[in-house]
Amino acid sequence: MQIFNTLTKKKEDFVPINPPEVTMYVCGPTVYDFFHIGNGRTFIMSDIIRRYLEYKGYKVKYVMNLTDIDDKIIRKANEEHTDTKEISERYGNAFLEDISKLKIKKADVYPKATENINDIIKMISDLIDEGYAYNVSGNVFFNVNKFNGYGKLSGKKIDELEAGARIEINDEKTNPLDFSLWKKAKEGEPFWESPWGKGRPGWHIECSVMSLKYLGKTIDIHAGGSDLIFPHHENEIAQSEAVNKNQFVKYWVHFGFLNIQNEKMSKSLGNFFTARDILNKYSAEAIRLLFLQTHYAGPLNFSEELLSASEKGLEKIKNTIIKIKEIRESHKFGNEISELDFHYFKKQFEEAMDDDFNTPRALAVIFDFIKNINSEISQKEKLDEQFYIKADDYLTSTAVNVLALADLNNFKNESRNNLEDALIKTLIDLRIKAKNDKNYQLADEIRNRLKEIGIELMDSKTGSTYKIC
RNA sequence: GGCGGUGUGGCCAAGUGGUCUAAGGCGAAGGUCUGCAAAACCUUUAUUCGUCGGUUCAAAUCCGACCGCCGCCUCCA
């Protein structure tokens, strides 16, 4: 398996430090608002990586932090005349709700900055003791010139950055590139006691601290949006490696932006949709399918038209899975044997995913598989049970478990509500009677009226099936 | 100014030296099945990969120039 590593700018063989364990850290949200669907791309694609690693037999330890204290949260709290805790809890909970709706597997831990203040203070103290950081009347900064490898992730050079000179001049810093580890509290701001006085942690330090605390000195994978490469991840490397004297991260993974009309979706441009709003109009699976159709590192132009197209494509996958399940449950098997090479499709799927999580290719394999399955079903009179077992296994392990493009629980709820099921079956029976009497007007009326309330009937030689939309 | 990404059919998108007259999805056209639908299947839908040159027996794929779009360098997934 190969992963493109931002640090080396190459695809590299994936060799975890301590197999079968894989440690993975993903930069989570700052909880000051609902997250937008562009942020959602990072969460979903990280989830795909995690799920595929599990498919490969790795035991993934997955940590995602929640930044629950920072300028934006303070500003929001002031605007609403409340405190930062209320804001961060509100949006932290909303975040957990939304990622759950997006069918993202839970992290092992969602550590919060404010719950790790002591560890943060400890790391800052260590950085000061070792000469990497300095305190200027209550503000502590990291001295980038002290850290040799500064710029190695983003490919930037310190002197060139200085020449760029778009950095705010701050008299307290010895170098404009130095970044805050500890921010002195201003009047009315929330604060924690520290050796440098009342204040709060800077943004970058929390990831270094929590990554170390929950996953160790060197972790396998650290992922996040491309906009975090500089300065956030660069700074994390500097802090962590300065203190730990160990390589911080083995594989850096960065996700491309979600664009709207070719522009990066962002809060500041105002061109965003919250994941929440999108989920009200489209299924989580369609959102996932849309994201999977583009490689994770490239840009993805987002539009509702594309989402609708994905919703259609998803139907094809879902219909096939439902059909296979129904045939298995009804035991309507024959004894015809399929020549279909299931092993080939499994291999193709794995080759695609092994190649830096090439989900567009993996999807092509799945769609190809589905076409073959349906083709077999429509060409042969009755296939044997083995065929359906293998087809079911394949789609469950790939489309359902790795890509989460279908939720088996939902299918069950749809068909297992006994009363509802019996009612619909009664109507179906009556309609078949009408059909047999060539009373097509009545038959069509039953079908149309059921459709109006969201129940779609589909006729086949053996009878009618239904699905709830 | 520095660094990076990207340009493939109507739309989205994979492919980075020969298997490419280019995967897959959406859309469109025709057909099979059906009382009609829906679903599904079959067939068709790029001799061409931003433009112009070059390297090579061979290029969407390598090199050069040019054009277009986007991003990072400031908080940002």
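The values are calculated or read from the model by the stated rules, or taken from the named source; none is laboratory data. Model, not experiment: these values are computed from the prediction. FYI the Cβ positions are ideal-geometry reconstructions off the backbone, even for glycines, and counts take in every protein chain you see. Surface areas here come from the heavy atoms of the whole protein model, side chains and all, with no ligands, DNA or RNA. Shrake-Rupley method; radii C 1.70, N 1.55, O 1.52, S 1.80 Å.
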Name the residue that is modelled with the highest pLDDT, counting only residues in the range A:436-469 that are touching a strand residue (DSSP E or B) at 6+ places or on another chain (Cβ under 8 Å) and farther than 16 Å from residue A:425 by Cβ. A:451
Considering only the range A:111-140, how many residues are under 35 Å from the mean Cα position of the chain (by Cα) and open to solvent by 50 Å² or more (accessible area, probe 1.4 Å)? 5
For residue A:322, the lone unmet condition from (1) more than 9 Å from RNA strand B (Cβ to nearest atom); (2) over 22 Å from the mean Cα position of the chain (by Cα); (3) in contact (Cβ under 8 Å) with a residue 12 or more places away in the chain; (4) not in a loop (DSSP other than H, G, I, E, B) is (1)
Unique residue being open to solvent by 50 Å² or more (accessible area, probe 1.4 Å), of a type in the set (A, V, I, L, M) and in contact with a Ser or Thr (Cβ under 8 Å, 6 or more places away or on another chain) when the list is A:432, A:373: A:432
Heads up, the helices (runs of 4 or more DSSP H) in the range A:1-113 (entirely inside) with at least 2 residues that are in contact with a strand residue (DSSP E or B) (Cβ under 9 Å, 6 or more places away or on another chain), of a type in the set (S, T, N, Q) and closer than 19 Å to residue A:232 by Cβ are A:37-55
Only unsatisfied item for residue A:428, checking (1) modelled with pLDDT under 90; (2) touching a Leu at 6+ places or on another chain (Cβ under 8 Å); (3) closer than 30 Å to residue A:336 by Cβ, is (1)
Picking from A:55, A:62, which residue would you name as being closer than 27 Å to residue A:151 by Cα and either of a type outside the set (Phe, Trp, Tyr) or in the same structural domain as residue A:232 (by TED's automatic domain parsing) (or both)? A:62
Check residue A:276 against each of (1) more than 11 Å from RNA strand B (Cβ to nearest atom); (2) touching a strand residue (DSSP E or B) at 6+ places or on another chain (Cβ under 7 Å); (3) not assigned by TED's automatic domain parsing to the domain that holds residue A:18 and name the one condition it does not meet. (2)
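Looking at A:55, A:62, A:91 in this structure, which one is hydroxyl-bearing (Ser, Thr, Tyr), under 23 Å from the mean Cα position of the chain (by Cα) and open to solvent by 50 Å² or more (accessible area, probe 1.4 Å)? Write out each step before concluding.
Details: A:62 fails: open to solvent by 50 Å² or more (accessible area, probe 1.4 Å); A:91 fails: open to solvent by 50 Å² or more (accessible area, probe 1.4 Å).
Checking each option against the conditions leaves just A:55.
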I'd like to check something: does the range A:15-31 contain any residue that is charged (D, E, K, R) and within 16 Å of RNA strand B (Cβ to nearest atom)? no
Going through the range A:344-355 one residue at a time, which ones are open to solvent by less than 50 Å² (accessible area, probe 1.4 Å) and either away from RNA strand B (no atom under 11 Å from the Cβ) or touching a Cys at 6+ places or on another chain (Cβ under 9 Å) (or both)? A:345, A:349, A:350, A:353, A:354
Hits in the range A:298-343 (condition: under 18 Å from residue A:389 (Cβ atoms), open to solvent by less than 80 Å² (accessible area, probe 1.4 Å) and among the aliphatic types (A, V, I, L, M)): A:321, A:322, A:324, A:327, A:340
